[in-house]
Structures are given as structure tokens and as C-alpha cells.
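Colleague: Let me begin by handing over the structure; questions about it come next.
The values are calculated or read from the model by the stated rules, or taken from the named source; none is laboratory data. Source: prediction; values computed, not measured. Methodologically, a virtual Cβ is constructed for each residue, glycine included, from the backbone with ideal geometry; neighbour enumeration extends over all protein chains shown. Please note that ligands, DNA and RNA were not included when accessible areas were found on the heavy atoms of the full protein model with its side chains. Shrake-Rupley method; radii C 1.70, N 1.55, O 1.52, S 1.80 Å.
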Amino acid sequence: AVVFFGDLPEFLDVTEFGLKYRIRFAGTKHPGLFLDHAPLREWLILNTGERRVLNTFSYTGSLSVAARKGGASRAVTLDLSRPTIAWAKENWELNFGKPDEGPTGDSDFIYGDVFEWFPKLEKRGDRFDAIILDPPSFSRSEKKVFSTAKDLPELHASAFQLLDRGGLLVTSINSAQISSEKFRSEIERAAKAEKRKLTELAVLGAPTLTFPGASYLKGWIFQVEMAGARPG
């Protein structure tokens, strides 16, 4: 950030749909709230219900906050960056007070690699009614390099294993290099491999009024059933 006059504050707290989020201008590549995902935050506020939610690649946890406002009984916030997990806790506390953390609380903030934590969550008996996947185009942990160009089927297959019957899969990517058709086909490939049936509930994208012509952000919200099973 370049300051033309005055003093740059450490942070500012902004309000969206009645919720508060902390944004920063120094020491970070992004102020902490992706405005193009405002429609998804609004959808979660209106539609989450009393679901157990796993928010992966969570960044500063805005989608966890929106899901909790929407009635989520539990929100697990998972990211590969310690500073952004701490930031996510700040956003939670701005809206709901000190989180009741841990496997039996209303929230859990986890620093770590999604691919390492999926089996850990399954082993400790965690199941979810909604899983949010919003990965970056590229990330690197100590054990794995993730790329949306090659790892989307594996990511979705792993998520299906933690998702209860009839649960919601919220999935999006921010990439102009991957078409909606390719993205959709890789999700469906993972669903077929895991014997899941997908019912589309909503299409995700940047709001056209404030991001006219934007095609980089793409995704869907699906209800997920076992293939061949009757809903309900």
C-alpha cells in the first residue's frame, strides 16, 4: 500500500450483510475480504441452516462467519497459513465473541494442508453437512504441491468421503485458465469415482454489476447423494 496522506491504520473493520470483517492494507497481499464472493456469503447466510460446515482454503474465514450467521451448528476453518487462521479467529470474534474451539465446540480453527487433514478429520469421526472448497490456483505445503490444473479430481473425491448423505458441496475456483466445462467435468469425474450423485442448487460467479464481464470466478453449489439412493 502507498499512503498519500495521513497515517495508515493497522486495520479497519467493515460491514457486509450485517457482519463485520477486519481488513488490512500493510503486510499482506490482499486486504482480507474478496468482494467477488459476496453472493456466496449472502447465500450461506440465507441457506446454511443447522449444518456442520467445513471451510477449506479458508483464508480469513469470511465464509465460516457467513455460514455461522446462517445457522451452522459447527464451523471448521482450515487453511495452510498460520497468520490467516489467526485473522479468521479475529473475524469470528468480531461477530460471535470468543469461539468455542475444538472437535466438540461450535468452531475449530485448523492450520494445515487440506490433503493431510481430510484423513485426520475422517479418523477422528468428523462428518459434515456442507463442505466449502475454494482453492487457490497453486499452493505448496511441506509434503504436497497443489494445482487446480491437476488436483481438482483428487480434492473433490476426498471431500465426498467426509460429506454426509444429502450434504452440500460448495466449490469454486478463481482461474481464467480453466474453463467452466473443464472444471465441471473434473467434479463429475470425482463424483462418479466416489459413486455420488450431484444436484445443482446454484451457480457461483462474480456479481455482474460490480465485476462486469468477469469469467475467472466459477463454481457451483451441489446437493450430494449416494448414486442410486433416494433423496432424504
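Colleague: Determine which lysines satisfy two conditions relative to K192: a Cα distance under 30 Å, and not lying fewer than 8 residues away in the same chain.
Modeller: List returned: K120, K123, K143, K144, K150, K182, K218.
Colleague: Relative contact order for the chain using alpha-carbon pairs under 8 Å, separation at least 6, rounded to a whole percent?
Modeller: 15 percent
Colleague: Another question, if that's okay. Can you say what percent of the DSSP beta bridges in region 79-232, counting only those with both residues inside, are antiparallel? Round to 5.
Modeller: Antiparallel bridges make up about 75 percent of those DSSP assigns within region 79-232.
Colleague: Please pull out the direction-averaged projected area of region 4-90, using the convex hull of its alpha-carbon atoms, in nm² to one decimal place.
Modeller: Over all viewing directions, region 4-90 projects a mean Cα-hull area of 6.1 nm².
Colleague: When ranked by the protection proxy of mean other Cβ atoms within 10 Å per residue, highest first, what sequence do the peptides 5-15, 34-44 form?
Modeller: Per-residue Cβ counts within 10 Å, averaged per peptide and sorted highest first, yield 34-44, 5-15.
Colleague: To continue, here is another question. Any chance you could give the angle, 0 to 90 degrees and rounded to 10, that helix 180-193 forms with the longest Cα principal axis of the chain?
Modeller: Long axis of 180-193 versus the principal axis of the chain: about 50 degrees.
Colleague: If you don't mind, there's one more thing I want to ask. Provide the per residue accessible area, probe 1.4 Å, for region 105-232, rounded to a whole number of square angstrom.
Modeller: 50 Å²
Colleague: Specify the angular offset, from 0 to 90 degrees and rounded to the nearest 10, of the alpha carbon long axis of helix 152-162 from the longest principal axis of the alpha carbons in the chain.
Modeller: On a 0 to 90 degree scale, this one is about 80.
Colleague: If you don't mind, there's one more thing I want to ask. So what's the back-of-envelope 222 nm ellipticity for the chain, counting only DSSP H runs of four-plus at -39500 (n - 2.57) apiece and dividing by all residues, rounded to 500?
Modeller: -9000 deg cm²/dmol
Colleague: With a 1.4 Å probe and all protein chains left in place, how much of the accessible area of the chain comes from carbon and sulfur atoms, in whole percent?
Modeller: Exposed carbon and sulfur together represent 53 percent of the surface.
Colleague: Sticking with this one: Quick check on region 154-232: what does the Kirkwood estimate of hydrodynamic radius come out to from the alpha carbon pairs, in Å?
Modeller: Evaluated over region 154-232, this radius sits at 13.3 Å.
Colleague: More than 17 Å apart: what percent of Cα pairs in region 51-144 qualify?
Modeller: Counting every Cα pair in region 51-144, those more than 17 Å apart make up 44 percent.
Colleague: Sticking with this one: For the Cα atoms of the chain, what angle does the longest principal axis make with the long axis of helix 38-47, in degrees from 0 to 90, nearest 10?
Modeller: 60 degrees
Colleague: Stokes-Einstein diffusion coefficient for the chain at 20 °C in a medium of 1.002 mPa s, Rh from the Kirkwood formula over Cα pairs: what value in µm²/s?
Modeller: D, rounded to a whole number, is 118 µm²/s.
Colleague: Sticking with this one: How are the C-alpha pair distances of region 94-137 spread across 5 Å bins, as whole percents from the shortest bin up?
Modeller: It works out to 5, 15, 23, 28, 16, 10, 1, in whole percents.
Colleague: Now, a different point. By how many nm would the segment from K29 to A86 lengthen if fully extended, with 0.36 nm per residue of separation less the alpha-carbon distance?
Modeller: Between K29 and A86, full extension yields 18.9 nm more.
Colleague: On to the next question. Of the residues S158, S107, S62, which exhibits the maximal mean-square fluctuation in a Gaussian network model of the chain defined by a 10 Å Cα contact cut-off?
Modeller: Answer for the Gaussian network model of the chain: S158.
Colleague: Could you order peptides 125-131, 67-73 by the average number of other Cβ atoms within 10 Å of their residues, highest first?
Modeller: Highest to lowest by the protection proxy: 67-73, 125-131.
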